[in-house]
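The values are calculated or read from the model by the stated rules, or taken from the named source; none is laboratory data. The shown structure was predicted, so the numbers you read here are calculated from the model rather than taken from an experiment. Cβ placement follows ideal geometry from the backbone for every residue including glycine, while neighbour counts extend to all protein chains displayed.
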């Protein structure tokens, strides 16, 4: 197919639109690259997205009409493959999916191009199954159900991996996972950090900071235990199903403040001693936001942070997810001197403009390779 790129009909495919997290910030930039492209998604919580995304033409699946879907959408995981396959993309020349679940399973027209910006293959049915569905993480009925559902989801996920022509991974960590599960190579474009929204800060208001969904695999429990022992002040930004349990475990020096607006979060970053990041993430935008304020990061040394945080320069790694290891990292951090400007300079290497430029060039290359030179 030989056509002017301006005449390509483009559709954006995203798993679900329930809040502005890291994946949605990537989608927002892609929306800027393709301002006329509609978004197809399993469900959309109206008002939960940025003004740009909310202004788009958004198509949802039958999942949108399921009971309690805005709060309990994860219980419908078994039907997500059917829902994404129900969309008709026969009118589109280019699909760009942004996916950590089933969006990559969108079915393109036979002569169309499908590019997937992959946050990760489904963690909850591969490497992190036990963290989501193991004993103590959920009820026995869910565990029994997932013992049957997870193999089927893995089968579907692998079977349909070749619906994508080109994978783009958010980190080398995810690139390796794509190769392992799908036997596919992927190029890497790091996600964007809106570094200009944050200012270099030399303040230290005496508290450490966590910014995280309160779910088990984020390992906020490690931080709670460590700060209970050392008595230092910790502010926890975020909400989630583990909140009540974590609150009960925390002493009076640990404060839970829920989710905060962008401006309030920027002020909390600016005033902290350091960010604590005890989970394993595929990339991790939160550490880079803290670094954009010149703040060091105390992180579990595995996953995407190995590609962003520099041990001893912009933060400190601890080698295992244990209270003792985190305590040791906190002590080491307290005895070290960090250069806030160097920390911010590192964060600026992952700016929104750099992401946008790299994605624009990569997509243009794939379009030309697929359709031929533009006329």
I'd like the full set of residues that are outside any loop (DSSP other than H, G, I, E, B), at pLDDT 95 or above and more than 19 Å from residue 342 (Cβ to Cβ), limited to region 295-316. 300
Looking at region 146-155, which of its residues are crowded, with 19+ Cβ neighbours inside 10 Å and in contact (Cβ under 8 Å) with a residue 60 or more places away in the chain? 153
Which of the residues belonging to region 229-249 are touching a strand residue (DSSP E or B) at 6+ places or on another chain (Cβ under 8 Å) and either more than 13 Å from residue 208 (Cβ to Cβ) or loosely packed, with under 13 Cβ neighbours inside 10 Å (or both)? 238, 239, 243, 246, 247
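Please tell me if residue 46 is on the phi < 0 side of the Ramachandran plot and either part of a helix (DSSP H, G or I) or buried (at least 19 other Cβ atoms within 10 Å of the Cβ) (or both).
Details: on the phi < 0 side of the Ramachandran plot: yes; either part of a helix (DSSP H, G or I) or buried (at least 19 other Cβ atoms within 10 Å of the Cβ) (or both): no.
So residue 46 fails the test.
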Just to be sure, is residue 338 surrounded by 15 or more Cβ atoms within 10 Å (Cβ to Cβ), at pLDDT below 95 and outside any helix (DSSP H, G or I)? no
Pairs, please: C-beta under 6 Å, at least 6 apart or cross-chain, first residue in a strand (DSSP E or B) and in region 8-32, second at pLDDT below 95? 17/49
For residue 97, state whether it is within 14 Å of residue 11 (Cα to Cα), assigned by TED's automatic domain parsing to the domain that holds residue 42 and buried (at least 19 other Cβ atoms within 10 Å of the Cβ). yes
Please go through region 27-38 and give me each residue that is more than 22 Å from residue 193 (Cα to Cα) and crowded, with 19+ Cβ neighbours inside 10 Å, ordered by number. 37
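In this structure, is residue 356 assigned to a helix (DSSP H, G or I), outside the structural domain of residue 288 (by TED's automatic domain parsing) and within 20 Å of the chain's Cα centre (by Cα)? Reasoning before the result, please.
Numbers: assigned to a helix (DSSP H, G or I): yes; outside the structural domain of residue 288 (by TED's automatic domain parsing): yes; within 20 Å of the chain's Cα centre (by Cα): yes.
Here the answer is yes, as residue 356 does meet what is asked.
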Among the residues that make up region 123-136, is at least one of them surrounded by fewer than 21 Cβ atoms within 10 Å (Cβ to Cβ), at pLDDT below 95 and touching a strand residue (DSSP E or B) at 6+ places or on another chain (Cβ under 8 Å)? yes
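In region 12-25, which residues are modelled with pLDDT of 90 or more and either within 18 Å of residue 74 (Cβ to Cβ) or buried (at least 23 other Cβ atoms within 10 Å of the Cβ) (or both)? Don't jump to the end; show me each part of the working.
First, pick out the residues of region 12-25 that are modelled with pLDDT of 90 or more: 12-18, 23-25.
Correct list: 12, 13, 14, 15, 16, 17, 18, 23, 24.
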All positions within region 72-86 that are closer than 18 Å to residue 164 by Cβ and surrounded by fewer than 18 Cβ atoms within 10 Å (Cβ to Cβ): 85
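What do you reckon, is residue 309 under 19 Å from residue 190 (Cα atoms) and surrounded by 18 or more Cβ atoms within 10 Å (Cβ to Cβ)?
On the way: under 19 Å from residue 190 (Cα atoms): yes; surrounded by 18 or more Cβ atoms within 10 Å (Cβ to Cβ): yes.
So residue 309 passes the test.
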Please tell me if residue 316 is within 21 Å of residue 266 (Cβ to Cβ) and either in contact with a helix residue (DSSP H, G or I) (Cβ under 7 Å, 6 or more places away or on another chain) or surrounded by fewer than 24 Cβ atoms within 10 Å (Cβ to Cβ) (or both). no
Here are 281, 289: which of them is closer than 25 Å to residue 177 by Cβ, without any contact (Cβ under 8 Å) to a residue 60 or more places away in the chain, touching a helix residue (DSSP H, G or I) at 6+ places or on another chain (Cβ under 7 Å) and buried (at least 21 other Cβ atoms within 10 Å of the Cβ)? 281
Pairs, please: C-beta under 6 Å, at least 6 apart or cross-chain, first residue closer than 18 Å to residue 362 by Cβ and in region 184-209, second assigned to a loop (DSSP other than H, G, I, E, B)? 190/350; 191/170; 191/283
Failed condition for residue 183, given (1) surrounded by 20 or more Cβ atoms within 10 Å (Cβ to Cβ); (2) at pLDDT 95 or above: (1)
